[in-house]
Amino acid sequence: MAKNIRITLTRSPLSRKPNHRRTIRALGLKKVGQTVDHEDNAVIRGMINTVHYLIDVETVK
């Protein structure tokens, strides 16, 4: 059974590095406070590590 993670955008990506803004969009986040669910895999974890200061992450069963 694959684990899922819930990602919430807590800070605005405006005036951040362009790469970080694109990473936020690739995760499916558009507005502050928006939450998305993703499978927990290495690709998503790498994206989370890039923009860790803009998001909150929690594990979902």
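All of the numbers you see were taken from the coordinates with simple rules; none came from a lab. Being a predicted model, the structure only gives us computed values, none of them experimental.
Laid out as a table, the results:
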quantity	calculated
Placed amide H near residue 34: partners under 5 Å, 5+ positions off or other chain	9
Extension gain (nm, one decimal) between residue 39 and residue 58, 0.36 nm per residue minus Cα-Cα	5.7 nm
Cross-link reach list, aspartates and glutamates versus residue 31, counting only Cα pairs under 17 Å and skipping chain neighbours closer than eight places	56
Angstrom value of the Kirkwood radius, inverse mean 1/r, which spans all Cα pairs in the chain	11.6 Å
